[in-house]
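Step one of this worksheet: look at the structure below.
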Amino acid sequence: MADTYTIISPENLVYKKTDLLLDNVMHYCPGCSHGTVHKLIAEVIDEMGIQESTIGIAPVGCSVLAYNYIDIDWQEAAHGRAPALATAVKRLMPDKIVFSYQGDGDLAAIGTAETIHACNRGENIVMVFINNGIYGMTGGQMAPTTLPGMPASTCPTGRDVKRDGNPLKITELLAQLPGTCFVTRHSVHTPGNVRKTKKALRKAFENQLANKGTSLVEVVSTCSSGWKMTPVQSNKWMEENMLPYYPLGDIKDE
Amino acid sequence: MAKAKGAIVVDTVTCKGCNICVSACPTQVIKLADQVNGKGYHYAYMANPDACTGCSNCAIMCPDTCITVYRVKQTSAEPTIH
Ligand SMILES: Cc1ncc(C[n+]2csc(CCOP(=O)(O)OP(=O)(O)O)c2C)c(N)n1
Ligand code: SF4
Ligand code: SF4
Ligand code: SF4
Ligand SMILES: [Mg+2]
């Protein structure tokens, strides 16, 4: 068998960080799903050769600094307004490829109106939705997506549906709207799921090149700091608790 | 059939010791070091290098993309007898 030091040579290279990921060390907590999804978006843009023409819309939430990590053009939206800004950018520059990137507090709470109306208008954009069931950035408050019984800093004994209402499956709701062409839910908690998420992102960007309308890719994610678990425990907890409520797979593909 | 054999290189400066690569490796190659890096994280390293197949699971799972993967196709020293 070859020895490790002889294997480590350029002709044997099979995986390296894409050049689209900048050298800035991500500010995310160890194990945060945001980093994994950033990487996949960067790889898809790289592999499609669309670096020069892609514009990302960053949200408010933990991923507010997303523009520091992927080497493309970006705009920063006010909290929840990424789909509105993406609409403007895409309409003013239809030759550009535009995607929004948002957390669940951003997309499904403060920005619900912008989300629904962009999808209903069928804006020709990609929307990436990181659903970690919590407001990560501000200290782990309950989000519309927090599961029944799931603790958060504003419901330390768990979400009580009688008091707090039901978790919002906004992705299923958006699939009902005629403007969406591709609505799909994925995760990045296993290597197989990471590969599927990347394929879905690729398809979403290709839909935009084909002028098909709004593609929404939800990634059920973890927030180990907010959930108060290790990253590996968070992945397991997510699989056991989040995925039954937010099942993976295509909801709409036209 | 040629047997693949791999190796990884971890960027120990940017590694956050999250343990995700350790749990993603099907052949238990990776461990977290007893030592810490400049940020105080127990960084990942190849504790069992002979078991690495170069499958890249660890690298695609790493949220901070700290892992580079290499893989060789082994050519058998002896000719295969059919
Ligand atoms: C108009 C406005 N209201 C409230 C806030 C406070 N705030 C910042 S981030 C955030 C929620 C973020 O949660 P999410 O979108 O789920 O992102 P995560 O951090 O979980 O990735 C809130 C309420 C703000 N910045 N601006
Ligand atoms: S608070 Fe949660 S969402 Fe924010 S960086 Fe940390 S783990 Fe990620
Ligand atoms: S997944 Fe990446 S950041 Fe986490 S321990 Fe492994 S190499 Fe370090
Ligand atoms: S490349 Fe595959 S076998 Fe090698 S350390 Fe990574 S996960 Fe383990
Ligand atoms: Mg969130």
Item to check | Cross-link reach list, aspartates and glutamates versus B:LYS5, counting only Cα pairs under 16 Å and skipping chain neighbours closer than eight places | outcome: A:ASP3, A:GLU11, B:ASP50
Next on the checklist: Can you give me the accessible area per residue for the protein assembly as shown, using a 1.4 Å probe, in Å²?
Outcome noted: 44 Å²
Checklist outcome for this item: Once normalised by the length of the stretch B:3-74, the mean sequence separation of its alpha carbon contacts under 8 Å that are 6 or more apart gives a contact order in percent of 46 percent
Checklist outcome for this item: For the pair B:VAL13 and B:GLN28, the simple spin-label estimate (label points 7 Å beyond Cα toward Cβ) gives in nm 3.4 nm
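Relative contact order of the stretch A:19-253: what whole-number percent is it, with Cα pairs under 8 angstrom and at least 6 residues apart?
Over the stretch A:19-253, the number comes to 19 percent.
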Checklist entry - Can you give the accessible area of A:PHE205, probe radius 1.4 Å, in Å² rounded to 10? => result 0 Å²
Checklist entry - What does the charge add up to near A:GLY158, with Lys and Arg as +1, Asp and Glu as -1, over the other residues with Cβ less than 14 Å from its Cβ? => result +2
Item to check | Shape of chain A, Cα gyration tensor, a/c cut at 1.5 | outcome: oblate
Checklist entry - Among A:GLU114, A:GLU172, A:GLU11, which one moves the most in a GNM of chain A with springs linking Cα atoms closer than 10 Å? => result A:GLU11
Item to check | Cα-based reach from A:LYS212 at 24 Å (exclusive), listing lysines while leaving out same-chain residues under 8 positions away | outcome: A:LYS90, A:LYS96, A:LYS169, A:LYS196, A:LYS198, A:LYS199, A:LYS203, A:LYS252
Item to check | trypsin sites (Lys or Arg not before Pro) within the stretch B:1-47: DSSP coil, no more than 14 neighbouring Cβ in 10 Å | outcome: B:LYS3, B:LYS39
Checklist entry - Do any residues of the stretch B:4-26 lose at least 40 Å² of accessible area when the full set of protein chains is present rather than just their chain alone, and if so which, with a 1.4 Å probe? => result B:LYS5, B:LYS16, B:CYS18, B:ILE20
Item to check | Neighbourhood charge, 10 Å Cβ-Cβ cut-off, centred on B:CYS15 and excluding it, Lys, Arg +1 and Asp, Glu -1 | outcome: 0
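Please give the charge dipole size of the stretch B:3-74, origin at the Cα centre, charges +1 on K and R Cβ atoms and -1 on D and E Cβ atoms. Round to the nearest 20 debye.
Dipole of the stretch B:3-74, to the nearest 20 debye: 240 debye.
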Checklist outcome for this item: Neighbours of A:THR138 by Cβ distance under 15 Å: Lys/Arg at +1, Asp/Glu at -1, summed charge -2
Checklist entry - Over what distance in Å are the Cα centres of the stretch A:20-50 and the stretch A:59-124 separated? => result 17 Å
Checklist outcome for this item: Expressed as a whole number, the average count of other chain Cβ atoms within 10 Å around the Cβ atoms of B:50-63 is 5
Next on the checklist: Distance between the C-alpha centers of the stretch A:135-183 and the stretch A:201-234? Whole Å please.
Outcome noted: 15 Å
Item to check | Solvent-accessible area buried by pairing A with B, both sides, nearest 100 square angstrom, 1.4 angstrom probe | outcome: 2700 Å²
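The values are calculated or read from the model by the stated rules, or taken from the named source; none is laboratory data. As the structure is a prediction and not an experimental result, all values here were calculated from the model. Glycine also receives a Cβ, built like all others from the backbone with ideal geometry; neighbour counts cover every protein chain displayed. All accessible areas refer to the heavy atoms of the entire protein, side chains included, with ligands and DNA or RNA removed. Shrake-Rupley method; radii C 1.70, N 1.55, O 1.52, S 1.80 Å.
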